[in-house]
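The values are calculated or read from the model by the stated rules, or taken from the named source; none is laboratory data. Values in this document were obtained by computation on a predicted structure and should not be read as measured data. Cβ placement follows ideal geometry from the backbone for every residue including glycine, while neighbour counts extend to all protein chains displayed. Protein only, heavy atoms only, side chains kept; ligands, DNA and RNA dropped before computing areas. Shrake-Rupley method; radii C 1.70, N 1.55, O 1.52, S 1.80 Å.
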Amino acid sequence: GGKMAARPSSGENRLVSLPLSRIRVIMKSSPEVSSINQDALFLTAKATELFVQYLATYSYKHGRGKEKNALTYSDLSHTAEECETFQFLADILPKKILASKYLKMLEKEKREGEGGEDEEEDEEENEDET
Amino acid sequence: MAERPEDLNLPNAVITRIIKEALPDGVNISKEARSAISRAASVFVLYATSCANNFAMKGKRKTLNAGDVLSAMEEMEFQRFVAPLKESLEVYRREQKGKKEARKDKDKKADSEEQDKSREEENEDDDERMEEEEQNDEEEVDN
């Protein structure tokens, strides 16, 4: 795939940069989908670009990261947790905690006999990236 | 078709470029952040597809169309995308129409033995050929 991205000259002026062929592969990996019309394929690719822009700018603006001139993973996972629109990403952008703290949490849960995943309190304190 | 894991990823270079163009100049993006956004984009495609498919099924159709994707955006709380998407779609449709007509003309010329010219335009054909392949696989529904 990637034919649409293969022309070097028209970088920013191209209508869509993401390769339609790859977008189609991802869409077709959904078992319930039978066929996709060309317009729908184009729109999905374009929407994905808009999504990338939105996720990046939102996370940069609202990130609690200490660095002003950088977009970090922690900015993104913060967005996934705090912003309802991006909550569908929470599972793939989990907050990071130190391994040692995580082990302590597991031990605590075992002692208290909880099977639950109530990690909220700990997560706020531990945004260090391992 | 069995997908390898990497097939469900989007090209890093393109993702990086989109991010860089969206953020102010001089902002660094960590490698981890780039990779995370790329994964998020793939998940977005899956989520949008599933959502659009629900609309298609509601309409008793087996083919996802443009309307289904736009409805999915609203459903997913990305209404802000709808207007720009509609605009882009108009441009895309015009481009596609233009290409079809260019192909028709080319076919006429090929008939009249101008094979040298069609060899020159080979680069353009690659794009169109891919679209033809895609069209052959899918039913097209005009909406």
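Numbers below:
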quantity: Dipole axis of the range A:20-113 (+1 Lys, Arg; -1 Asp, Glu on Cβ), positive-most option in A:53, A:92, A:113; calculated: A:113
quantity: Loop sites in the range A:20-117: trypsin sites (Lys or Arg not before Pro), DSSP, at most 15 other Cβ within 10 Å; calculated: A:64, A:66, A:68
quantity: Computed magnitude of the charge dipole of the range A:20-113 (debye, nearest 20; Cβ of K, R +1, Cβ of D, E -1); calculated: 420
quantity: Shielding of A:101-108 by partner chains, average beta-carbon count, 10 Å; calculated: 0
quantity: Averaged over B:78-86, number of beta-carbon atoms from partner chains that fall within 10 Å; calculated: 3
quantity: Entries of A:28/B:31; A:28/B:62; B:62/B:108; A:28/B:58; A:68/A:95 with Cα pairs more than 24 Å apart; calculated: A:28/B:31; B:62/B:108
quantity: Ranked order, A:62, A:78 - accessible area, probe 1.4 Å, largest first; calculated: A:62, A:78
quantity: Test item: Cα-centred dipole of the range B:5-66, Lys/Arg +1 and Asp/Glu -1 on Cβ, debye; calculated: 420
quantity: Accessible surface buried once B binds A (1.4 Å probe; total of both sides; Å²); calculated: 6100
